[in-house]
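Report on the structure given below.
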Amino acid sequence: MSRMLLERPRSFYPVFTRKEGDPTVTHYCPGCGHGIVHKYVAEAIDDFGIADRVIFVNPVGCSVFAYYYLDVGHIQAAHGRAPAVATAAKRARPDSIVICYQGDGDLAAIGGNEILHAANRGENLTVLFINNAIYGMTGGQMAPTTLLGQVTTTTPLGRSAATDGYPVRVCELLGSLSAPASLARVALGDAKRDMAARKAIRRAIRNQIEGKGFSLVEILSPCPVGWKQTPADAAKHVLATMTKTFPPGVVKDFPAQEGGAAPSPQDAAGGRRPPVPREAIPEILGLQSPATVDHGMETKPWSRLGIEPRFLDPRIKAAGFGGQGVLFLGTLLAEAGRLAGWSVSWLPSYGPEMRGGTAHCHVILSRAPVDSPLVSRASVLFAFNRPSLDRFLPDVRDGGLVIFDSGLVPDPPDLSRVEAIGLPATAIAGKAGSVKVANLVALGAYIERTRVLPEAAVVGALAAKGLSSQVADLNLEALRAGMRFRCAP
Amino acid sequence: MNPTLSENGDRRSQERLMKGNEAAIYGALMAGCRSFYGYPITPASELAETAARLFPACGGTFLQAESEVAAINMLYGASSAGERTMTASSGPGISLMMEGVSYAAGAELPMVIVNVMRGGPGLGNIGPEQGDYFQAVKGGGHGCYRSLVLAPDSPQEMADLTALAFELSDQYRNPALVLADGFVGQMMEPVSLPLAARVPPPRPWAVTGLPATRRNLITSIHLDHDVLESHVRQLHVKYERARRREVRYEEYAVADARVVLIGYGIVSRVLRRAVGLCRAAGIKAGLLRPITLWPFPSQRIAELARGAARLMVVELSTGQMVEDVRLAVAERCPVDFLGRWGGNVPSSEEVVDSIVQRMRERTGDEEHVAHVA
Ligand SMILES: Cc1ncc(C[n+]2csc(CCOP(=O)(O)OP(=O)(O)O)c2C)c(N)n1
Ligand code: SF4
């Protein structure tokens, strides 16, 4: 620490006012690697003139308080989540320099998924990864990087591969990914190694300034207290022992490699998004002011259409196999109803039930605002197969209207309680061009029988679907075929 | 009221048929939200899908995160950097986010989380349920904090309450939850949006990578006991302010009601119909629909308890909000409960039957029941 205080970088606070206790000494133990790395980071920030631009993401671990020391903007993240936090901060502020600082428990254990995916996306970040082979902050438990045989408070007999697995080599692991720009491992321990570490840290920061993408430096770092060693022995241990499991070197360096890795996916735009003015948003969302929309249709036409009272305010269920267009029929009813001035709602069955092959939906057209969108007692049922008819017929109120495909259900259950329209919708649709439009045939029969919707409303609803003209024509053809079907009242 | 104008006089768009899940994204973008981080889950996935389409087009970020754990921490990063940001999920994913919500409450970060509730516990199923009420309104994560919780009953409110969630979240510097359910998320109804996009308020506390915010710090750690105690006290002063100012609810036919039904989300729609059916059958029923679940309309419920013969809470759960209703009522009148869960939703008729049956059980109400029978 004394070395640090002698030549203090400008972006290293002279007095640690955020710290509790003595504001002139750091909270790190003598001989700890964190303090040295902080100093190199501060120097680089000074030299690159980026102090105003830096967003420093503090981990959970001994370096949770990096914000005591570095005179830059800070976000303190949850344990292991710094890469996720950094990802979004950088995307929100592409001109900032986001430095993600993590210990080995933070990065390689609890945060394994976050670092993997930030690297894989090639986020334009600098990650400084302090590998001290132990959990310092919580009192010296095993880390994923703890060496085989190393004694920690949770491996009292030494780490055993059989029970605890092998030390995780993070650089090599991430080295299999296409996106990272640069992955390097360095060690602290003697003047020469320290200088190499300093250089690697600077490079990882410069990469981000130049928009080169994801750079990570793994720094083998002494934890004398966790290891129960003197600072001098701990420094020796890093170089003599840790480096055997974690060989220093460049695992990947895109700019230096001939025909190296794919460029970071984020290079092109540098994470920058074209600015969109606030005023343009409604148009992008396709929002139209009420005055500009004219459906050419009279709204609230129920009085004039001459709808029989029993067909007013229909509460509709439509059901069939997946692929029979039941949900589509429902949305058409709702959209056409809306265009015709009804209050409407549409509620689908969703998820595995549909994938399993059946679908149904609830549709309500109402003069008053829709209360419950759930149709428990239906006044109208569209049933496109026998199971649907059997399942939902009991929900139809007496005198309700049941429209079913008589071609697919040639032998229906007792329908004397309701008004039934059996029409060979699928066969009629087939003649019109495709069995897929049986739903429109049934809709045609419904609007012809009840007059609940003018044909123009269905035409308008079809237009709103953005179908190709061929498909739209086919749908209309089917609708009209259904309307021509003579249903015995 | 002019239907083309919203509450605050903004001009509104032509209505469009939308799923609740889509509407929430439109509401968010008009509220100035510029990033969405999320992980797919039924019945919330349309939020992510709609966001993937619309956020980049509006100059924002959409990112499919590697997990809900990552997603909520991405919100933490985006919010820290000063951006209005959101995510959406359902039960299992929301559970994974709870650590992050606690951090955000501690660090006083605004963010909006939409929970389109499904059946639980565990993987449960994807049907509509309201079993996450406790998780949402009692904290959910660790520590002494609250989330602001809004409960939409329609696609229109999915848009409007998501937008409101952003305003409240910024105002209180606290996470806000939109607590929806599978039906409100999946159903379509006409939705109208404000025609002017909101300008989010400045966030001078954010860490932006700009000179003005260089000394800013976003953190939830306070080692000193006294410091943490006063920090949490200050959070609670804030929560008390929210309790005083932000309670929202809707009432229907309560003035002369002998039975006041209480339900939120999709249930309130079922209850509204049940009120109509009751009244047609001669039972004076009314409805209170909490719009904010936290803060909870306890005071209003206490008032209603003084006037009504009984209250009946209906939930898609084994009984969660009913505990808060009973706290508010403090034994002033009987509080009945009707619950369905597992993806089942009671029909309006089932609710009416239940009311009638309970009235029968009470001799004092015999004459009312006579009407119905
Ligand atoms: C979710 C969660 N689990 C556990 C902890 C406790 N914890 C704090 S720091 C830490 C380990 C830190 O080790 P490392 O990342 O190696 O950093 P070091 O302290 O060695 O620098 C743990 C387990 C926590 N804060 N949060
Ligand atoms: S416990 Fe280890 S990592 Fe933590 S400050 Fe002390 S030496 Fe550094």
### Query
Would it be correct to say that B:A136 is in contact (Cβ under 8 Å) with a residue 12 or more places away in the chain and either surrounded by 23 or more Cβ atoms within 10 Å (Cβ to Cβ) or outside the structural domain of B:I291 (by TED's automatic domain parsing) (or both)?
yes
### Summary
Of (1) touching a Cys at 6+ places or on another chain (Cβ under 9 Å); (2) modelled with pLDDT of 95 or more; (3) open to solvent by less than 70 Å² (accessible area, probe 1.4 Å), A:P247 fails just (1)
### Task
Taking the residues in segment A:128-164 that are within 13 Å of ligand 1 (Cβ to nearest atom) and assigned to a strand (DSSP E or B) as candidates, determine which candidate is farthest from A:L239 (Cα to Cα).
A:Q141
### Task
Among the strands (runs of 3 or more DSSP E) lying completely within segment B:1-105, list those that include at least 3 residues that are open to solvent by 10 Å² or more (accessible area, probe 1.4 Å) and within 23 Å of A:A334 (Cα to Cα).
B:16-19
### Task
Only one of these is away from ligand 1 (no atom under 16 Å from the Cβ), more than 29 Å from A:A235 (Cβ to Cβ) and in the same structural domain as A:L174 (by TED's automatic domain parsing): A:A84, A:A89. Name it.
A:A89
### helices (runs of 4 or more DSSP H) wholly inside segment B:265-348 containing at least 3 residues that are more than 23 Å from B:A180 (Cβ to Cβ) and aliphatic (A, V, I, L, M)
B:298-307, B:321-329
#### Entry: Members of segment A:46-60 that are away from ligand 1 (no atom under 16 Å from the Cβ), away from chain B (no Cβ under 11 Å) and not acidic (D, E)
A:F48, A:G49
### Message
A:Y69 - would you say it is open to solvent by less than 20 Å² (accessible area, probe 1.4 Å), more than 30 Å from A:D164 (Cα to Cα) and more than 8 Å from every other protein chain (Cβ to nearest Cβ)?
### Response
yes
### Task
Return yes when A:Y28 is of a type outside the set (K, R), under 21 Å from A:P224 (Cα atoms) and within 15 Å of ligand 1 (Cβ to nearest atom) and no when it is not.
yes
### Task
May I ask you to list pairs of residues, at least six apart or on different chains, whose Cβ atoms are under 7 Å apart, with the first in segment A:197-225 being over 14 Å from A:Y101 (Cα atoms) and within 16 Å of ligand 2 (Cβ to nearest atom) and the second being open to solvent by 10 Å² or more (accessible area, probe 1.4 Å) and polar (S, T, N, Q)?
A:P222/A:N132; A:C223/A:N132; A:P224/A:T230
### Query
Which condition breaks for A:G211 when tested against (1) closer than 27 Å to A:V54 by Cβ; (2) in contact with a strand residue (DSSP E or B) (Cβ under 8 Å, 6 or more places away or on another chain); (3) open to solvent by 10 Å² or more (accessible area, probe 1.4 Å)?
(2)
### Task
Return the residue satisfying two criteria in turn: it lies in segment B:288-319 and is within 14 Å of chain A (Cβ to nearest Cβ) and crowded, with 24+ Cβ neighbours inside 10 Å, and of such residues it is nearest to B:N125 (Cα to Cα).
B:L316
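The values are calculated or read from the model by the stated rules, or taken from the named source; none is laboratory data. None of these values were measured; they are calculated from a predicted model. When we count neighbours, we look across all protein chains shown, and the Cβ atoms used for this are built from the backbone with ideal geometry, even at glycine. Please note that ligands, DNA and RNA were not included when accessible areas were found on the heavy atoms of the full protein model with its side chains. Shrake-Rupley method; radii C 1.70, N 1.55, O 1.52, S 1.80 Å.
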